[in-house]
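Here the structure comes first, spelled out in structure tokens, and everything after it is commentary.
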Amino acid sequence: MNATTTLPTRKDEAWRYSAVEALDGVDLDAWRAIDVAAGETFRECLTIEDGPGTGASELRRLRVTLGAGARCELFAVIAAAELGRIEVEVRLAEGAHFELGGVTLGGRETVREFVTRVVHAEPGATSNQVVRAVHWGRGTGNFLGNIDVVRDAQQTDAAQSFKGLLLEKGASVNAVPQLEIFADDVKCAHGASVGQMDEMARYYMAARGLSPELSRRLLVQAFIGDAFVALDDEGERERMMAIALAKLDKHL
Amino acid sequence: MLKIENLHAEIDGTQILNGLTLEVGAGEVHAIMGPNGAGKSTLAYVLGGRPGYEVTAGSVTFKGQDLLELEPHERAAAGMFLGFQYPVEIPGVSNVQFLREALNSQRKARGEEPLTGGEFLKLAKDKAGLLKLDMDMLKRHVNVGFSGGEKKRAEMVQMGILDPVLAVLDETDSGLDIDALRVVGEGINAIMRAPDKGVLLITHYQRLLDYVKPDYVHVLSKGRIVKTGDADLAKRLEAEGYEAVAA
Ligand SMILES: Nc1ncnc2c1ncn2[C@@H]1O[C@H](COP(=O)(O)OP(=O)(O)OP(=O)(O)O)[C@@H](O)[C@H]1O
Ligand SMILES: [Mg+2]
């Protein structure tokens, strides 16, 4: 037990659906700073995958500061650890853009989650967050997305889209969009939905010769593809997709 | 090649097929007509193994094997093609990807080599041409945003690519304009008119049968075949209606 830091509990808003019990011994102060200078573009593809070094909890905490007209594009697959969590705090200066494409996958009792706080601190900045969650067993996928638009940040355009796909009965997803808007000329779109595999589509595919495993794989691929639409590097897109589908193949 | 005997089937505990008997020989085209709700689509789905369609009595043999024992995808690999009355949309999956996976799955199940991307595209282009469907349509997601007629034409392109031995086509003609009807009719002939193939053509209208000449016409009513005749039966039905001809 680490005595110097107090661990969060589920009473903390940002840990509401998390697996806080998996956190023991994790350094919660380890934030990675990413500063993108005015006009520059930063892109990263992050993955939390099964491997020899994977612990009970895998946290990635990023603090992103975007200068005027700067861009940050993050794409991520969370497919490992009892608690796999990517947290991003973003501060956007004038005309900056933040893009997040995230996928969570998992079964058993695992929790995989994205927690973001996007601060539109100046006018004319845009953000787009797309998270797709595919879960089975008693797995949980979460997206807690805060968007803050300060008083002067006119012409903000912020979008958030979350969709959950539950492959088995005990799985669940939670979406918590939180918008705090203090400017008046603001576009803020957010949508969240949860569903199951389209059985008629699967039957149609079977009638053309696809096995149940293959039809499920194709439908999951189509579902999570949304998260990588904005990733305009085909090789990286395929790599991220392969990591996600490998997880599915391994466990179902 | 297809032998249906005394078939009884139910959906959600409701009996729909009541002792249906029908045999399709190699090289034959059989048309099935019948009033709304008679059980035509149910027959198609039972043959295609759709979940929820439960066979309670009777048997179906296809090329000598028990069809009802096979999973839906195994039936496809065995050479059966089901043309849907309402083709299903699959957002996010392109026709090209879908059909290539489908064809190669079938080939694998039959112990054949998969087609390469290039070989597949050539085949797809060929069949799209046959049905006068723009190749660009095949790059789009399966049936998404297709008009009613385009869906039916795309189904026939699928059939051309998969090259089945038995086609069960459920109202493939509905939703087609006059020119498309001719194209689809000729497409069915080109793909399925062969000594070793068979067709079960479910339709409400005589018109398609002008292009695809049936060897037999059956009237399905209340879950069973109540009358069988030749191509002239369809003409009489069109002129006089089910009540007068098949009651
Ligand atoms: N899920 C269901 N539960 C109960 N009854 C059903 C179900 N699905 C279909 N039916 C019934 O089964 C009967 C046969 O339907 P089917 O779709 O096979 O008719 P059809 O001959 O294809 O008609 P159409 O010409 O209108 O296409 C209908 O009375 C229909 O209401
Ligand atoms: Mg019908």
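The values are calculated or read from the model by the stated rules, or taken from the named source; none is laboratory data. Since the model is a prediction, treat every value here as computed from it, not as a measurement. Here Cβ is always computed from backbone atoms with ideal geometry, including for glycine, and neighbour counts include all displayed protein chains. Ligands, DNA and RNA are stripped out before the accessible areas are found, and what is left, the full protein with its side chains, is counted by its heavy atoms. Shrake-Rupley method; radii C 1.70, N 1.55, O 1.52, S 1.80 Å.
Structure summary
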{"item": "Search result, residues across the stretch A:113-134 that are touching a residue at least 60 places away in the same chain (Cβ under 8 Å) and over 30 Å from A:Glu94 (Cα atoms)", "result": "A:Val134"}
{"item": "The stretch A:17-41, residues that are open to solvent by less than 50 Å² (accessible area, probe 1.4 Å) and under 19 Å from A:Asn128 (Cβ atoms)", "result": "A:Ile34, A:Val36"}
{"item": "Of all residues making up the stretch A:194-218, the number that are within 7 Å of chain B (Cβ to nearest Cβ) and in contact (Cβ under 8 Å) with a residue 24 or more places away in the chain", "result": "0"}
{"item": "Flag for B:Ser174 being within 16 Å of ligand 2 (Cβ to nearest atom) and either over 12 Å from the mean Cα position of the chain (by Cα) or surrounded by 23 or more Cβ atoms within 10 Å (Cβ to Cβ) (or both)", "result": "yes"}
{"item": "Count of the stretch A:128-142 residues which are open to solvent by 10 Å² or more (accessible area, probe 1.4 Å) and not in a strand (DSSP E or B)", "result": "3"}
{"item": "Scope the stretch B:128-145; condition touching a residue at least 40 places away in the same chain (Cβ under 8 Å), in a loop (DSSP other than H, G, I, E, B) and surrounded by 17 or more Cβ atoms within 10 Å (Cβ to Cβ); matching residues", "result": "B:Leu131, B:Asn143"}
{"item": "Selection count where residues are farther than 23 Å from B:Tyr211 by Cα and buried (at least 17 other Cβ atoms within 10 Å of the Cβ), scope the stretch B:23-41", "result": "2"}
{"item": "Scope the stretch A:62-75; condition within 30 Å of A:Asp249 (Cβ to Cβ) and surrounded by fewer than 23 Cβ atoms within 10 Å (Cβ to Cβ); matching residues", "result": "A:Leu62, A:Glu73"}
{"item": "Some residue of the stretch B:181-201 being within 16 Å of ligand 1 (Cβ to nearest atom) and either part of a strand (DSSP E or B) or of a type outside the set (Phe, Trp, Tyr) (or both)", "result": "yes"}
{"item": "Search result, residues across the stretch B:13-40 that are within 7 Å of ligand 1 (Cβ to nearest atom), touching a residue at least 24 places away in the same chain (Cβ under 8 Å) and not in a loop (DSSP other than H, G, I, E, B)", "result": "B:Ile16, B:Lys40"}
{"item": "Whichever residue in the stretch B:43-59 is away from chain A (no Cβ under 14 Å) and closer than 13 Å to B:Gly223 by Cβ and, among such residues, is nearest to ligand 1 (Cβ to nearest atom)", "result": "B:Leu43"}
{"item": "Boolean, B:Val60 is more than 16 Å from ligand 2 (Cβ to nearest atom), under 20 Å from the mean Cα position of the chain (by Cα), under 25 Å from B:Asp163 (Cα atoms) and among the aliphatic types (A, V, I, L, M)", "result": "yes"}
{"item": "When residues of the stretch B:212-230 are limited to those that are among the hydrophobic types (A, V, I, L, M, F, W, C) and assigned to a strand (DSSP E or B), the one farthest from the chain's Cα centre (by Cα)", "result": "B:Val226"}
{"item": "Condition met for A:Ile224 (in a helix (DSSP H, G or I), away from chain B (no Cβ under 14 Å) and at pLDDT 95 or above)", "result": "no"}
{"item": "Breaking point among (1) of a type in the set (Gly, Ala, Ser); (2) closer than 24 Å to B:Thr14 by Cβ; (3) more than 16 Å from ligand 2 (Cβ to nearest atom); (4) within 8 Å of chain A (Cβ to nearest Cβ), for B:Ser105", "result": "(2)"}
{"item": "Number of the exception - B:His8 against (1) away from ligand 2 (no atom under 16 Å from the Cβ); (2) touching a helix residue (DSSP H, G or I) at 6+ places or on another chain (Cβ under 9 Å); (3) not polar (S, T, N, Q)", "result": "(2)"}
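Per-residue answers, yes or no, for (1) within 11 Å of chain A (Cβ to nearest Cβ); (2) farther than 19 Å from B:Val165 by Cα:
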position: B:Leu68; (1), (2): no, no
position: B:Gly83; (1), (2): yes, no
position: B:Val88; (1), (2): yes, yes
position: B:Gly92; (1), (2): yes, yes
position: B:Arg110; (1), (2): yes, no
position: B:Ala124; (1), (2): no, no
position: B:Ala128; (1), (2): no, yes
position: B:Lys139; (1), (2): no, yes
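Okay, residues lined up against (1) free of Cβ contacts under 8 Å to residues at least 24 places away in the same chain; (2) closer than 25 Å to B:Glu150 by Cα; (3) part of a helix (DSSP H, G or I); (4) away from ligand 2 (no atom under 16 Å from the Cβ):
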{"position": "B:Leu68", "(1), (2), (3), (4)": "yes, no, yes, yes"}
{"position": "B:Val88", "(1), (2), (3), (4)": "no, yes, no, no"}
{"position": "B:Leu99", "(1), (2), (3), (4)": "no, yes, yes, yes"}
{"position": "B:Glu112", "(1), (2), (3), (4)": "yes, no, no, yes"}
